[in-house]
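The values are calculated or read from the model by the stated rules, or taken from the named source; none is laboratory data. Since this is a predicted model, take the numbers as computed values, not measurements. Cβ placement follows ideal geometry from the backbone for every residue including glycine, while neighbour counts extend to all protein chains displayed.
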Amino acid sequence: MKRSFFILFAITAILAGCKSQAPSPAEDGRSPQEILFDDGNYAMFIHFGLYSKLEGVWKGKIYYGNAEWIMNHGQAGIPMEEYMAEAATFNPYGFDADEIVKLAKDAGMRYIVITAKHHEGFAMFDTAVSDFDIVDATPLKRDLMAELAEACHREGLGIGFYYSQFQDWTAPGGGRGPQTDATGREVSFEEYFRTKCVPQVEELTTKYGDIQLIWFDTPGEMPAKYSEELVALVRKNQPDALVSSRVGNGLGDYVTLNDMEVPVRNREGRWEGIDVTQVGWGFSKYDNEWKSPDFIVRTLVSTIARGGTWMLNVGPDSNGKVNEMAAAALRKAGEWVHSHPEAVQAAGPSPWGHALPWGDAVTQNDKIELVVFDWPSDGILWVPGLRTGVKSARLNGKRLKSSTEDGWLRIELPAVRPEPFASVVELSFDGTPEVDGTLAADPARATVVPVDFASTDGCVVERTGWTEKFGEWITRFVARGFGDGSSITWTVDFKDPGVFNVDLEYLGAEKLEWKMLLDGKDALIDLHKNTDVFAWYRLGWVKVEEPGVHIFTLSLSDGDAASAKVASMRLTPVGL
Ligand code: GLC
């Protein structure tokens, strides 16, 4: 991403929150929406709908996970008429657009995306094509999308709408919805698309001023012509608004990763990571697994460091209020975001291409911003792979002592971290720094080496995902297929010779016996009783005789190969 001084200036002006004025396009041709997405790097997602009224509970029973799915047969299986009747008593009078916009700004977020219609088909705006909406069907009678859009425009935040284009569980012909209307007549998806989806997207793209994006979701088996038509419709009404990749069929202006995914390696192109402040997206009364400010800061920085932008969800409760604990965590993380704009705004991806043992790195033009999450207890920060000499290393403006040892940069930090969550060490150079991204074992602390970095011989490394409640996705890369003679290999750079403890993160049935070669020679063999969830197991110590690059090769020497899945290896210096 090229950034001239002019663009930086323009962004700074936008990000400073200049009110009501639409930002002007950048010199490089990017629209204000693209600038906000690329350089703002942090957004608020809001899941708010009729499901919020139920707060994850139906007839006294708790449904864990995604509360916005409570109507679905995978959750409470609420009959359509009964669910729709809930609208008559849905009265979220506590919804305060100004309060939400202020929260997003305090959090350091740059735009808001809110569910205008989720899978259950209830419109949170005043739609002319259905009465199943917040103005016609509830005692509240307020167009909350209009209120939020107006507040965002006034306060200089972008506003985007989530719209479930395929799934509609209450509209005849909608995906996974009733296939007949009230008279028993069969209704096609085509008819649903023409009479509800298209006119509602038309409304959302014409009635609410300039919008940041339309966040379509779950295209299902929708044929390409429908995705194409929706993209064209958004383009016609809002030429600069972005369209999410979940419009389907390979279309869209940027890619949304799997829910809750942060890639391990840098990823090219325009993309977004998304996560939640609770476990699910819609508010759940009994879910107290709030994301901490520490998690928020780390995940935000890690996503930006991989090259993406991050959107974090809040689910207002049945009264339209964001939970106080969630809001407090957002504000706390926001204090960090506001005091470290260099690590967030217009920050570029890490030149290492992956995280570092103590944190991560982003760039600002020719500067590298080292974001230290885990403060070294001996006060020394080791930075691998820098091939360009450092002009200065600064922490909060103060120069730090630094030197180069065996190709590693050694930075002397104050003994105590000066602030919560993370600190930023800014490295300056003459010109653009060169970095060798080979994975390196930190000389003083544990280094986790995921299988994403392994090469394979006979096995496969593949992406897998699962949920443990309902819908809260966990995405990992795992190595599997440890048959006869197959193995995976990691290449790791070491600053000093020494003894390292090796742990392996894996799952499998019964007992698995693993064998590790170091530089082609037998180094470790060990057996453990396993579980079917990923856990760390100790394999033992290896001696690294020389500094430099070493090869670790892992194979399964005994046990149920079909069940074995490996996620990562951890190398911890023993101090010998
Ligand atoms: C999934 C869920 C949906 C949620 C979305 C957020 O698509 O089905 O409920 O809104 O993730 O990314």
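Odds and ends about this structure:
- The strands (runs of 3 or more DSSP E) found wholly in the stretch 471-568 and carrying at least 2 residues that are of a type in the set (Ser, Thr, Tyr) occupy 487-494, 548-558.
- Residues in the stretch 206-218 that are under 26 Å from the mean Cα position of the chain (by Cα), charged (D, E, K, R) and either away from the ligand (no atom under 16 Å from the Cβ) or at pLDDT below 95 (or both): 1 in all.
- Filter result for Ser568 (assigned by TED's automatic domain parsing to the domain that holds Cys459, within 29 Å of Asp406 (Cβ to Cβ), of a type outside the set (A, V, I, L, M) and surrounded by 15 or more Cβ atoms within 10 Å (Cβ to Cβ)): yes
- Of all the listed residues (Thr206, Thr195, Thr180, Thr218), the sole one being in contact with a helix residue (DSSP H, G or I) (Cβ under 6 Å, 6 or more places away or on another chain) and of a type in the set (Val, Ile, Thr) is Thr206.
- Close pairs from the stretch 175-186: first under 14 Å from Glu81 (Cβ atoms), partner of a type in the set (S, T, N, Q), Cβ under 9 Å, at least 6 apart: Gly177/Gln167; Gly177/Thr170; Pro178/Thr170
- Screening Ile474 against (1) among the aliphatic types (A, V, I, L, M); (2) more than 26 Å from the chain's Cα centre (by Cα); (3) closer than 20 Å to Gly273 by Cα leaves a single unmet condition, (2).
- For the residues Ala151, Ala182, the requirement of being in a loop (DSSP other than H, G, I, E, B) and in the same structural domain as Phe48 (by TED's automatic domain parsing) singles out Ala182.
- Residue check, Ala87 within 16 Å of the ligand (Cβ to nearest atom) and either surrounded by 20 or more Cβ atoms within 10 Å (Cβ to Cβ) or modelled with pLDDT of 95 or more (or both): no
- Residue satisfying all of: in the stretch 97-123; closer than 30 Å to His338 by Cβ and assigned to a loop (DSSP other than H, G, I, E, B); nearest to the ligand (Cβ to nearest atom) among these: Met109
- Residue count, the stretch 318-344 (criterion: in a loop (DSSP other than H, G, I, E, B) and in contact with an Asp or Glu (Cβ under 6 Å, 6 or more places away or on another chain)): 1
- Summed over the stretch 208-228, the residues that are part of a helix (DSSP H, G or I) and within 15 Å of Gly174 (Cβ to Cβ) give a count of 1.
- Considering Glu221, Glu186, Glu203, Glu190, the condition of being within 30 Å of the chain's Cα centre (by Cα) and surrounded by fewer than 17 Cβ atoms within 10 Å (Cβ to Cβ) is satisfied by Glu221 alone.
- Complete set of residues in the stretch 229-253 that are within 20 Å of Tyr111 (Cα to Cα), more than 14 Å from the ligand (Cβ to nearest atom) and not in a loop (DSSP other than H, G, I, E, B): Val234, Arg235, Asn237, Leu242, Val243
- Scanning the stretch 398-409 for residues that are modelled with pLDDT of 95 or more and out of contact with any strand residue (DSSP E or B) (no Cβ under 8 Å at 6 or more places or on another chain) yields a single hit, Lys398.
- Within the stretch 507-521, the set of residues being at pLDDT 95 or above and loosely packed, with under 12 Cβ neighbours inside 10 Å comprises Gly520, Lys521.
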